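Below you'll find the structure, written out as structure tokens, and then a few comments.
The values are calculated or read from the model by the stated rules, or taken from the named source; none is laboratory data. Just so it is clear, the model here is predicted, and its values are computed rather than measured. Reconstructed Cβ throughout: ideal geometry from the backbone, glycine too, with neighbour counts over all protein chains shown.
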Amino acid sequence: MGSGLLFLGVVLGAFGAHGLEQVLEDNKRAETWETAVLYHLVHGLALLVMGLFPTPPRGVCISFIAGTLLFSGSLYVLSLTNITKLGIVTPFGGMAFLAGWGILVFRAGALVKR
């Protein structure tokens, strides 16, 4: 799953830089697109690392996928359409990211105590 997410993040990053530059410039959303790609790639990489765990933490994986869909996805659509009301979805993606990282912090603390 992580490699697929990373692949898509690279595609969207390149597409934003080379195929959508006029739309993003017209909408004044190039920076928004870049933020979406950054978070998309970071959490794709995190999912890839989760795959190295003997038992990947399911809640973390679900949180990172949901966060990417909600956070990055809403920013991608916002960048293309300039419909600012989509910004209401973005914080839910951020909360999903935080939930995933929180689960990891909790699990790491539990492992240290052993």
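What number of residues within segment 49-100 satisfy the criterion of being under 18 Å from Leu6 (Cβ atoms) and among the polar types (S, T, N, Q)?
Of the residues in that region, 3 qualify.
Yes or no, residue by residue, for (1) among the aliphatic types (A, V, I, L, M); (2) touching a Pro at 6+ places or on another chain (Cβ under 9 Å); (3) at positive phi; (4) surrounded by fewer than 19 Cβ atoms within 10 Å (Cβ to Cβ):
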position	(1), (2), (3), (4)
Ala36	yes, no, no, no
Gly44	no, no, no, no
Thr55	no, no, no, yes
Val60	yes, no, no, no
Leu70	yes, yes, no, no
Thr84	no, no, no, yes
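Do we find that Leu41 is modelled with pLDDT of 95 or more, of a type outside the set (Phe, Trp, Tyr), closer than 25 Å to Ala108 by Cβ and within 17 Å of the chain's Cα centre (by Cα) in this structure?
yes
Are there any pairs with C-beta distances below 7 angstrom linking a residue in segment 45-63 that is modelled with pLDDT of 90 or more to a residue that is of a type in the set (Ser, Thr, Tyr), with the two at least 6 apart or on different chains, and if so which?
Qualifying pairs under 7 Å: Leu48/Ser3.
Tell me whether segment 9-20 contains one or more residues that are touching a Leu at 6+ places or on another chain (Cβ under 6 Å) and either closer than 28 Å to Arg58 by Cα or buried (at least 17 other Cβ atoms within 10 Å of the Cβ) (or both).
yes
Is it the case that Leu24 is under 16 Å from the mean Cα position of the chain (by Cα) and either at pLDDT below 95 or among the hydrophobic types (A, V, I, L, M, F, W, C) (or both)?
Considered against the rule, which asks whether it is under 16 Å from the mean Cα position of the chain (by Cα) and either at pLDDT below 95 or among the hydrophobic types (A, V, I, L, M, F, W, C) (or both), Leu24 comes out as no.
Please verify whether Leu48 is out of contact with any helix residue (DSSP H, G or I) (no Cβ under 8 Å at 6 or more places or on another chain), surrounded by fewer than 16 Cβ atoms within 10 Å (Cβ to Cβ) and of a type in the set (A, V, I, L, M), treating the condition exactly as stated.
In short, no.
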